[in-house]
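To keep things clear, I will list the structure first and then write my remarks on it.
Bear in mind these aren't lab numbers, they're just calculated from the coordinates by the rules spelled out. Please read these numbers as outputs of a predicted model, since none were measured by experiment. Here the Cβ positions follow ideal geometry from the backbone for every residue, glycine too, while neighbour counts run over all protein chains shown.
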Amino acid sequence: MKSYKVVSVVGARPNFVKLKPIHNVVEKVLHHEIIHTGQHYDFELSEIFFKEFNLPKPDYNLEIGSGFPGHQVGEMIKKIERIFIEKKYDLVLVYGDTNSTFAGAFAAIKSNMKVAHIESGLRSFDRRMPEEINRILTDNLSQYLFASTKTARANLEREKIFGKIYDTGDLSVEIVSEAKKLASKSRITKDLDLDLKNYIVFTMHRAENTEIDTSFLSIIRAFTSLSDVKIVFPIHPRTKKILEGKKLYQKLKDCKNVFMIPPAGYIDFIHLVKNAEKIITDSGGLQKEAYLLSVPCITIRRNTEWIETVTEGWNVSTDTNPDKIITSVRKWNPTKITQNQVFGKGNTSKVIKKIIIDEILN
């Protein structure tokens, strides 16, 4: 089987996390290469994940960097296509919903290569989100769709997607399980002088929030009212830059209960989340991680692609309404103690490997 060549196209933090379990199982039986687009280039958002998860150095680093979305995607497609034409891979794997995901899928189709989308079928039904556009386009380009949940499969079937759908479960189950073990050695809560289960983790990076002044002013208003609650904010470099440009960064910094820290590595971040009282976020991945770690999540969006976390009672959507955020922090808690295995049994990487070997490359 080593004669078959498979490539993973990644470029952002969520891609790197999903890459780990796939690489571990695939590289044992297939020739597996990694293309890093350079969409995330900060150490905390890129290289540290390869180091923490013991991933090999990418075979290609395109060093695309930041830029307007159309320009960024265009540069990715041009550079990825050159590699594809030269290497002629038997299968291209793309992950999630980033610009790198769509660029990899588009370049693969234009290079007459098979493409499989890991974590396909997610829908927030909010086209203000760039991620939603990336999901829809990638799903429509892919010949093989690996659906994380029953909801994801139903979305794909309703849209009459032409590719073949597989029920695989979600990689996050095994990723979070491994990260929890590694996180037991993390010192981040001690270094930040945090009492366990007595702080909230806050993240915010979605364009529909950070690029609208009123959204962030609402958040600041909520945090001011929650002055007795310690809030830890690992701030995304893009978010910080936007806030500084809008003269809002100092307003947030003036909130005495908000502790802004640089982006944490994945292991430290999982330790932070696991030991938090609650999470406030607009991140899709973090909603799922909070659920898997049994930490209540407040989602500051109108909707979510991870509807299972809401129906299971562990996630509530408040948008950026300060009153709803404050009420959720003060009064809301999950109603269910037990959780169903809505994201699978923790063997997704092995399921995907078997599909690749037995069906796609056979």
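The trypsin sites (Lys or Arg not before Pro) of the range 255-312 that meet both conditions, a loop assignment by DSSP and at most 10 other Cβ atoms within 10 Å of the site Cβ, are Lys256. Taking Cα centre as origin and charging only the Cβ of basic (Lys, Arg, +1) and acidic (Asp, Glu, -1) residues, the dipole magnitude of the chain rounds to 240 debye.
Compute the signed sum of charges (Lys and Arg +1, Asp and Glu -1) over the other residues within less than 15 Å, Cβ to Cβ, of Lys251. Every neighbour counted, the sum reads +3.
Pairwise inverse Cα distances across the range 317-362, averaged and inverted, put the Kirkwood hydrodynamic radius at 14.6 Å. Placing +1 on the Cβ of every Lys and Arg and -1 on the Cβ of every Asp and Glu, with no other charges, gives the range 179-330 a dipole of roughly 360 debye about its Cα centre.
Using every pair of alpha-carbon atoms in the range 179-330, split the distances into 10 Å bins beginning at 0 and state the percent of pairs per bin, rounded to integers. All Cα pairs, binned at 10 Å, distribute as 11, 44, 37, 8, 0 percent. Per residue, the convex hull spanned by the alpha carbons of the range 234-284 comes to 96 Å³.
Annotation: amide H-H contacts under 5 Å for Met260 (H modelled 1.01 Å from N, sequence separation of 5 or more, or interchain): Phe233. Applying 0.36 nm per residue to the separation of Asp167 and Glu86 and subtracting their alpha-carbon distance, the gain on full extension is 25.9 nm.
Along its first, second and third principal axes, ordered by size, the chain spans 60, 44, 41 Å in Cα coordinates.
Counting only DSSP H runs of at least 4 residues, each contributing -39500 (n - 2.57), and dividing by the residue count of the chain, the helix-based mean residue ellipticity at 222 nm comes to -12500 deg cm²/dmol.
Each of Thr327, Thr189 was scored by other Cβ atoms within 10 Å of its Cβ. Arranged with the fewest first, they read Thr327, Thr189. A viscosity of 0.890 mPa s and a temperature of 25 °C, combined with the Kirkwood radius over Cα pairs in Stokes-Einstein, give a translational diffusion coefficient for the range 111-215 of 146 µm²/s. Each part reduced to its alpha carbon centroid, the range 279-315 and the range 119-159 end up 18 Å apart.
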